[in-house]
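Just below is one structure, and these are the notes that go with it.
The values are calculated or read from the model by the stated rules, or taken from the named source; none is laboratory data. Nothing here was measured: the structure is a model prediction, and the numbers come from that model. Note: ideal-geometry Cβ built from the backbone for every residue, glycine included; neighbour counts use all protein chains shown. Note: accessible area is taken over every heavy atom of the protein model, side chains too, but ligands, DNA and RNA are not part of it. Shrake-Rupley method; radii C 1.70, N 1.55, O 1.52, S 1.80 Å.
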Amino acid sequence: MRESIQILMTGAGAPGAPGILHCLKQDPGLKIIVADADPMATGKFLADEFVQIPVASDPGFVQELLRICRDKNISLILPLVTKELFLFSACREQFELIGTKILVSSKEAIEISNNKSNCYRLLQSNGVRLPGFHVVKNLEAFIHAAFELGHPGKSFCFKPSVSNGSRGVRIVSDSLDEHHQLFNEKPYNLHITYAHALHILSGKPFPELLVSEYLPGEEYSVDCVADKGQTIIAVPRSRKKMINGISVQGSFVKDDVIIEQCRQIISILGLHGNIGIQLKRSVEGEPLLLEINPRVQGTIVSALGAGINLPLLAVKMELGEKILPGDLDVKWGTSFSRYWTEVYY
């Protein structure tokens, strides 16, 4: 049996942190230290130890993390926060000099994945099937993109080229009943009318947008483990119900077309570690890419019910430990439902 290994997981206050900690704690040989800028982050009460760290934009972020890793003999960092990924990747060598590995893709892969427009362009040039899309920087280009995508007869979507957590994402549809939406639906809603979108975009300058075809079919989130562009495993799950953009119900689906599409994307981008890929079916039923998360996804814990521990699998891979055939067995067809719980302190 190996000696206890110290792991540092950042983003202890992230919605998915408790589930990811649950996955990691399946290995009693890991000592899990969590970190967050919030001194009362939920993960603090679920891990072996907690450290408070600066936010990623703080000039002292990297030096403080290096100090923590030296003092606590950290073997591996598992970052959950999108804004930390590029920093960690760019400074990977500094951490390796003190014996700390970081479970993160290359800075080039992160940079292209986090810019949705540039990512779509690269994947399209490499033969990946994508929804129809346009990249726009002003209102005139937005109006042209809407026309090219079939508006007003067809709905379409837009999102900032660089954003995370569904910020700035909207589905434009002129069949939307805003009165019904106001009085019968909860405030979190992605739908907006074309007139309302134009009103907002004409009021102030806006960031570069990816304007794309609306995909009306079933949505999937695929949790992957990749080794420098080579897919170790890709596990698709349907997103049957979501709350604030987070999956709370779904089923694990062995869809070879989706799995192969994810392998192709991971290879082209050279992604590494835990990777999330989201797809949705078109009118014709073809699964097409929505976006890529070059990090562990919050609902990854649900795969435990299907017999596979994806965060722990990535940790074993990064530490150079042997992955057994049984580690990759998925109980396809398993369904899950998630719910809130509490910690007390």
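Within the full protein context, the accessible area of V135 is estimated at about 40 Å² for a probe radius of 1.4 Å. Restricting the stretch 139-202 to GluC sites (Glu not before Pro) that sit in a DSSP loop and have at most 12 other Cβ atoms within 10 Å of their own Cβ leaves E185.
Multiply the residue separation of N164 and I98 by 0.36 nm, subtract the distance between their alpha-carbon atoms, and state the gained length in nm to one decimal. Write down the numbers at each step before the final one.
Details: separation 66, 0.36 × 66 = 23.76 nm, distance 3.13 nm.
So the chain would gain 20.6 nm between N164 and I98.
Legend: residue pairs K25/K107; K241/K280; K83/K241; K159/K204; K116/K316; K31/K107, Cα-Cα distance threshold 18 Å; pairs beyond threshold, K25/K107; K83/K241; K116/K316; K31/K107. For M9, the accessible area of its heavy atoms, probed at 1.4 Å with every protein chain present, is near 0 square angstrom.
Helix 61-72 versus the longest principal axis of the chain: what is the Cα-based angle in degrees, 0 to 90, to the nearest 10? Roughly 30 degrees between the two axes.
What shape does the stretch 252-332 have by the C-alpha gyration tensor, where a ≥ b ≥ c are the square roots of the eigenvalues, rounded means a/c under 1.5, and otherwise prolate means a/b greater than b/c and oblate the rest? Don't skip to the answer; put the middle values down first.
On the way: a/c = 1.98, a/b = 1.49, b/c = 1.33.
Prolate, since a/c reaches 1.5 and a/b exceeds b/c.
The mean accessible area for residues of the chain, using a 1.4 Å probe and ignoring ligands and nucleic acids, is 48 Å² per residue.
Take the alpha carbon gyration tensor of the stretch 50-159, find the square roots of its eigenvalues, order them as a ≥ b ≥ c, and report rounded if a/c is under 1.5; if not, report prolate when a/b exceeds b/c, else oblate. Write down the numbers at each step before the final one.
Values: a/c = 3.84, a/b = 2.65, b/c = 1.45.
Verdict is prolate for the stretch 50-159.
According to the square roots a ≥ b ≥ c of the eigenvalues of the Cα gyration tensor, what is the shape class of the chain, taking rounded for a/c under 1.5, prolate for a/b larger than b/c otherwise, and oblate for the remainder?
On the way: a/c = 1.71, a/b = 1.58, b/c = 1.08.
It comes out prolate by the Cα gyration axes.
Paramagnetic label reach from E49 (point 7 Å along Cα→Cβ; backbone nitrogen cut-off under 11 Å): within the stretch 74-91, residues 74-75.
Can you give the FRET efficiency to the nearest 0.05 for H191 and S267, using r as the Cβ-Cβ distance and R₀ = 25 Å?
Working: r = 35 Å, r/R0 = 1.40.
Efficiency for this residue pair is about 0.10.
For the chain, the longest stretch holding no trypsin sites (Lys or Arg not before Pro) located in a DSSP loop with at most 14 other Cβ atoms within 10 Å is which?
Details: sites that count: R2, K25, R129, K137, R167, K228, K254, K322, K331.
It runs 26-128.
In the chain, the longest principal axis of the Cα atoms and the axis of helix 116-125 are about 80 degrees apart.
Only bridges whose two residues both fall in the chain count here: according to DSSP, what percent of them are antiparallel, nearest 5?
Numbers: 41 of 58 bridges.
Antiparallel bridges make up about 70 percent of those DSSP assigns within the chain.
Note on the stretch 145-245: with neighbouring protein chains present and a 1.4 Å probe, carbon and sulfur make up 55 percent of its accessible heavy-atom surface. Computed from Cα positions, the angle between helix 139-148 and the longest principal axis of the chain comes to roughly 80 degrees. Dipole magnitude for the chain: computed about the Cα centre from +1 point charges on Lys and Arg Cβ and -1 point charges on Asp and Glu Cβ, it is near 140 debye. Under a 5 Å amide H cut-off, with hydrogens placed 1.01 Å from N, N293 pairs with G276, I277, Q278 among residues at least 5 apart or on other chains.
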